[in-house]
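Single-structure report; data block below.
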């Protein structure tokens, strides 16, 4: 975004794009779900074990939100017991490098 | 972050750093405050005019939070009327390139 944008109130479009960024990464668990999936396809149970502090209800809700945003996809297998797998969509994998560098924003501000 | 980190529950330290990232950029207005300041020093009134949809109370509260996180600094001038200016700290300016590329996360997911 060129600096000239910044001298006037941020263009409407820029704000909407940034709001979409915040939809994808903000919230207590969304970013961690995305990074724990990464390039992998993971079963629901696997994701739950990787994120022991998340309640079932919250994890299911956040997975649904990320699917509706187009970042995640879900595949269900009609087996007994039923198997459900999650992975990043192609567009989701496309932003993985940016997600993997988000720690660079917080790192300088850690209270060591 | 190496992928081996991702096979086991994300290391404690990585999580804390990402939480700090989310502290800095999440919330309805924080990222917009940071990007509207950018490399500039701006008066409080100027910031308010750039962000007409923010209430006075919320803007003051978010500015305080960003100061306590160490991303912003405030300078008051004992003039009549009093003058207050805000700018990014040196560390804050250090993460500006990362903040300026956050739109790359949301851009592929816009409903055009």
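The values are calculated or read from the model by the stated rules, or taken from the named source; none is laboratory data. The model shown is predicted, which means the values in this text are computed figures rather than measured ones. Virtual Cβ from ideal backbone geometry, glycine too; neighbours counted across all protein chains shown.
Key figures for this structure:
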| quantity | calculated |
| --- | --- |
| Residue identified as more than 9 Å from chain A (Cβ to nearest Cβ), at pLDDT 95 or above and surrounded by fewer than 16 Cβ atoms within 10 Å (Cβ to Cβ) among B:33, B:60 | B:60 |
| Breaking point among (1) surrounded by fewer than 16 Cβ atoms within 10 Å (Cβ to Cβ); (2) modelled with pLDDT of 95 or more, for residue B:77 | (2) |
| Residue within segment A:81-104 that is at the interface with another protein chain (Cβ under 8 Å from one of its Cβ atoms), farther than 25 Å from residue B:12 by Cβ and assigned to a helix (DSSP H, G or I) present | yes |
| Residue, farthest from residue A:11 (Cα to Cα), within segment B:36-50, restricted to residues that are buried (at least 18 other Cβ atoms within 10 Å of the Cβ) and at the interface with chain A (Cβ under 8 Å from one of its Cβ atoms) | B:38 |
| Test result for residue A:111, modelled with pLDDT under 95, within 10 Å of chain B (Cβ to nearest Cβ) and assigned to a loop (DSSP other than H, G, I, E, B) | yes |
| Wholly enclosed helices (runs of 4 or more DSSP H) of segment A:9-60 bearing at least 3 residues touching a helix residue (DSSP H, G or I) at 6+ places or on another chain (Cβ under 6 Å) | A:12-25, A:30-37 |
